[in-house]
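J.: Next up is a structure, given as structure tokens.
The values are calculated or read from the model by the stated rules, or taken from the named source; none is laboratory data. Everything numeric here is computed off the predicted structure, so don't read it as measured data. Here the Cβ is made from the backbone with ideal geometry for all residues, glycine too, and neighbour counts use every protein chain on show. These area figures cover heavy atoms from the full protein model, side chains too; ligands, DNA and RNA do not enter into them. Shrake-Rupley method; radii C 1.70, N 1.55, O 1.52, S 1.80 Å.
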Amino acid sequence: MGMTITEKILAAHAGVDKVEPGELINAKLDIVLGNDITAPVAIKEFKKLGVEKVYDKERVCLVPDHFTPNKDIKSAEQVKVLRDFAQEQDLTNYYEVGEMGVEHCLLPEKGIVGPGDVIIGADSHTCTYGALGAFATGVGSTDLAAGMATGEAWFKVPESIKFVYNGKLQPYVGGKDLILYTIGNIGVDGARYMAMEFTGEAIETLSMDNRFTMSNMAIEAGGKNGIIPPDEITLKYVKGRAKRPWKVYQSDPDAKYAQVIEFDCSKIEPQVAFPHLPENTKPISEVGTVTIDQVVIGSCTNGRIEDLRIAAALLKGKKVHKYLRLLVIPGTQAIYRQAMQEGLFDIFLDAGAAVSTPTCGPCLGGHMGILAKGERALATTNRNFVGRMGHPESEVYLCNPAVAAASAVLGRIADPREVK
Amino acid sequence: MQLQGKTWKFGNDVDTDAIIPARYLNTSDPAELAKYCMEDSEKKDFSSQVKPGDIIVAGKNFGCGSSREHAPIAIKASGVSCVIAKSFARIFYRNAINIGLPIFESPEAAEGISEGDEILVDAEKGKITNLTKNETYDAMPFPPFMQELIAAGGLMKYVGKKVAKNA
């Protein structure tokens with residue numbers, strides 16, 4: 001019996017020829033990641049161990065991106081814990097405001113993560129790097145502490161579900177819609193404890209930016225990881241960027257899957273997830289009239305350059321609805337500069353949008369765009385739980401950047417074709 | 001390990017934002033986090049009403065969402081002795097074990113137990129007794145590796161031993 005790509009990567013990092021789902025293994029870690037919410041707890045635990053140095057200063061990454069630029073004294077003190085630790089340990093990959101980006105946009109862009117890696121991050125959206133053909137999964141702070149000390153982590157080898165996306169995508173349909181459609185189909189625990197493997201004709205045509213968006217939201221279906229087998233598009237992205245050698249793994253033709261689920265992409269419209277779970281999805285044609293107070297375009301799901309280009313193309317020469325706030329947040333400094341050089345900021349500013357330095361702020365109700373009681377936001381982010389973007393009685397709807405931009409103009413959730 | 005307490009009943013998909021909203025994550029002090037535990041859930045008064053030893057009983061996919069360890073930390077610091085659910089989201093499950101918050105998967109207990117029931121949990125045997133309704137339910141016992149972690153006193157103690165051995 002063959003192995004899936006996930007099983008092969010885990011076996012290689014556990015130093016064995018073969019692993020089976022359900023098996024508990026100890027695997028070597030290529031990268032461990034923490035942010036300003038999760039790393040302070042991990043650093044405290046790390047210090048209790050009595051270990052002097054992290055296992056590899058090149059491989060422990062700390063990115064203060066959630067409450068940065070610091071929104072208050074407590075946040076500043078949390079980030080200071082990271083900064084002091086990074087200095088003390090001489091970490092290569094510590095990124096200060098000004099260099100910092102939303103972690104899951106930043107790490108691939110900097111070539112820190114690559115195909116065949118095993119990566120843990122104390123952030124649930126660490127699964128983003130599955131788009132590169134890596135095994136990447138979210139963990140908590142204690143696991144991060146153990147990973148920083150030993151360079152290893154224990155895993156239960158997950159069963160895999162293979163998703164096959166057949167057919168061609170409709171206009172204004174991208175990775176975000178495919179993953180929202182999938183979560184709507186299987187539910188927020190549909191892939192609990194499992195590896196999600198994304199394949200098929202539609203995936204093969206997706207750009208890296210779209211693939212990152214898909215893998216990012218595997219966790220919203222309860223998945224352990226969301227992996228896309230590397231191809232030419234992956235390698236083109238990685239070449240000249242990756243800081244370490246990489247290895248391409250592919251699933252064997254006779255690999256065993258818990259389930260194979262096929263979708264006909266030609267029938268998938270832009271999707272909108274209604275409050276308060278990412279599984280409450282509807283195609284745009286069935287949304288009805290939903291007025292909104294705020295639109296956020298950004299985050300580790302859709303804060304990449306292609307997302308900003310899509311939004312700008314729809315906003316060009318138009319104005320944001322009078323009683324609506326549009327926030328545009330490029331994912332990294334490089335994306336910010338690229339968008340600026342391409343003239344996208346002129347379009348955003350002319351439309352009446354606020355453009356921000358990279359931050360996770362509004363996505364998790366941290367800062368830079370908090371909702372009041374009764375307000376409604378449409379966001380390209382990945383979660384719409386109760387109180388996610390502010391007041392517990394506010395609402396968050398999720399969508400792709402085209403729907404977000406069109407909706408910002410019309411003041412209600414809109415089909416991009418309405419403003420084209 | 002025997003745990004006895006009064007239950008708080010929650011529904012399906014209780015997410016980490018409901019357990020501890022992100023607006024309070026600019027601290028990692030357990031006592032501070034406990035003050036806001038379950039604030040955005042269906043039971044907003046949980047943190048002021050919960051008593052030491054109380055038990056949380058929930059539906060499927062408890063703890064879905066964020067990797068924030070602050071969620072099990074907030075629950076543990078509230079004095080809750082254990083969480084019983086139909087199923088758990090995987091990062092929450094892992095975090096709870098790592099910080100030493102006992103959790104039990106038991107669909108039948110999650111169905112059978114009502115809010116306020118007095119229950120007794122026998123962790124070794126994986127038996128849950130409902131003293132109010134005079135019923136018993138089976139819970140999935142921890143796999144051996146987890147028992148080893150728990151016996152060592154959590155992940156950091158387990159890793160600590162390993163690090164010391166390698167030194």
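J.: Given (1) touching a residue at least 40 places away in the same chain (Cβ under 8 Å); (2) within 14 Å of another protein chain (Cβ to nearest Cβ), where does A:A202 come up short, assuming only one miss?
T.: (2)
J.: To continue, here is another question. So if I check each of B:V121, B:V50, B:V57, B:V83, which one is more than 13 Å from chain A (Cβ to nearest Cβ) and in contact with a Lys or Arg (Cβ under 7 Å, 6 or more places away or on another chain)?
T.: On the way: B:V121 fails: in contact with a Lys or Arg (Cβ under 7 Å, 6 or more places away or on another chain); B:V50 fails: in contact with a Lys or Arg (Cβ under 7 Å, 6 or more places away or on another chain); B:V83 fails: in contact with a Lys or Arg (Cβ under 7 Å, 6 or more places away or on another chain).
None of the other options fit; the residue is B:V57.
J.: Further, regarding this structure: From the list B:M146, B:M140, B:M156, exactly one residue is of a type outside the set (D, E), under 17 Å from the mean Cα position of the chain (by Cα) and open to solvent by less than 50 Å² (accessible area, probe 1.4 Å). Which is it? Talk me through it step by step, then tell me what you get.
T.: On the way: B:M140 fails: open to solvent by less than 50 Å² (accessible area, probe 1.4 Å); B:M156 fails: under 17 Å from the mean Cα position of the chain (by Cα).
Only one candidate qualifies: B:M146.
J.: What tally of residues in the range B:90-105 results from selecting those that are open to solvent by less than 10 Å² (accessible area, probe 1.4 Å) and either closer than 21 Å to A:V386 by Cα or more than 8 Å from every other protein chain (Cβ to nearest Cβ) (or both)?
T.: 7
J.: Still on this model: Kindly list, by first and then second residue, each pair from a residue in the range B:142-167 that is within 14 Å of A:N26 (Cβ to Cβ) and at the interface with chain A (Cβ under 7 Å from one of its Cβ atoms) to a residue that is surrounded by 13 or more Cβ atoms within 10 Å (Cβ to Cβ) and among the small types (G, A, S), limited to pairs with Cβ atoms under 7 Å and residues at least 6 apart or on different chains.
T.: B:L155/A:A146; B:V159/A:A146; B:V159/A:A149; B:V163/A:A149
J.: Condition test on A:G138, is it in contact with a His (Cβ under 9 Å, 6 or more places away or on another chain), within 19 Å of A:E220 (Cβ to Cβ) and at the interface with chain B (Cβ under 9 Å from one of its Cβ atoms)? Let's see the steps before the verdict.
T.: Details: in contact with a His (Cβ under 9 Å, 6 or more places away or on another chain): yes; within 19 Å of A:E220 (Cβ to Cβ): yes; at the interface with chain B (Cβ under 9 Å from one of its Cβ atoms): yes.
Yes.
J.: Something else about it: On the given criteria, is A:G151 open to solvent by less than 10 Å² (accessible area, probe 1.4 Å) and under 15 Å from the mean Cα position of the chain (by Cα)?
T.: Values: open to solvent by less than 10 Å² (accessible area, probe 1.4 Å): yes; under 15 Å from the mean Cα position of the chain (by Cα): no.
Answer is no for this residue.
J.: Have a look at A:K18, A:K8 and point out the one that is among the basic types (K, R), surrounded by 18 or more Cβ atoms within 10 Å (Cβ to Cβ) and over 23 Å from B:M156 (Cβ atoms).
T.: Working: A:K18 fails: surrounded by 18 or more Cβ atoms within 10 Å (Cβ to Cβ).
The conditions single out A:K8.
J.: What's the total number of residues in the range A:31-53 that are more than 7 Å from chain B (Cβ to nearest Cβ) and either surrounded by fewer than 23 Cβ atoms within 10 Å (Cβ to Cβ) or within 19 Å of B:L33 (Cβ to Cβ) (or both)? Walk me through it before giving the result.
T.: Going through the range A:31-53, the residues more than 7 Å from chain B (Cβ to nearest Cβ) turn out to be A:31-36, A:39, A:42-44, A:46-47, A:50, A:52-53.
Keeping just the survivors that are either surrounded by fewer than 23 Cβ atoms within 10 Å (Cβ to Cβ) or within 19 Å of B:L33 (Cβ to Cβ) (or both) gives A:34-36, A:39, A:42-44, A:47, A:50, A:52-53.
Selection size over the range A:31-53: 11.
J.: Under the condition of being modelled with pLDDT of 95 or more and among the hydrophobic types (A, V, I, L, M, F, W, C), which residue from the range B:123-137 is most open to solvent (accessible area, probe 1.4 Å)?
T.: Going through the qualifying residues, I end up with B:L131.
J.: Next question, about the same structure. For the structure I just gave you, tell me whether B:L120 is open to solvent by 40 Å² or more (accessible area, probe 1.4 Å), aliphatic (A, V, I, L, M) and touching a residue at least 12 places away in the same chain (Cβ under 8 Å). Steps first, answer last, please.
T.: Values: open to solvent by 40 Å² or more (accessible area, probe 1.4 Å): yes; aliphatic (A, V, I, L, M): yes; touching a residue at least 12 places away in the same chain (Cβ under 8 Å): yes.
It is true that B:L120 is open to solvent by 40 Å² or more (accessible area, probe 1.4 Å), aliphatic (A, V, I, L, M) and touching a residue at least 12 places away in the same chain (Cβ under 8 Å).
J.: Looking only at residues that are in contact (Cβ under 8 Å) with a residue 24 or more places away in the chain and in contact with a helix residue (DSSP H, G or I) (Cβ under 9 Å, 6 or more places away or on another chain) in the range A:71-87, which one is farthest from B:I99 (Cα to Cα)?
T.: Filtering first and then ranking leaves A:K71.
J.: Which of the residues belonging to the range B:74-101 are polar (S, T, N, Q) and touching a Cys at 6+ places or on another chain (Cβ under 7 Å)?
T.: First pass over the range B:74-101, keeping only residues polar (S, T, N, Q): B:78, B:81, B:87, B:95, B:98.
Passing the criteria: only B:S78.
J.: Which of the residues that make up the range A:158-173 are surrounded by fewer than 19 Cβ atoms within 10 Å (Cβ to Cβ) and assigned to a loop (DSSP other than H, G, I, E, B)?
T.: Selection gives A:G167, A:K168, A:Q170, A:P171.
J.: Mind checking which strands (runs of 3 or more DSSP E) fall wholly inside the range B:81-165 and carry at least 2 residues that are farther than 24 Å from A:K156 by Cβ and in contact with a strand residue (DSSP E or B) (Cβ under 7 Å, 6 or more places away or on another chain)? Walk me through how you get there before you give the answer.
T.: Working: elements: B:82-85, B:103-105, B:118-122, B:127-130, B:135-138.
Result: B:118-122, B:127-130, B:135-138.
J.: Can you find a residue that is at the interface with chain A (Cβ under 8 Å from one of its Cβ atoms) and in contact (Cβ under 8 Å) with a residue 40 or more places away in the chain anywhere in the range B:29-46?
T.: Within the range B:29-46, not a single residue is at the interface with chain A (Cβ under 8 Å from one of its Cβ atoms) and in contact (Cβ under 8 Å) with a residue 40 or more places away in the chain.
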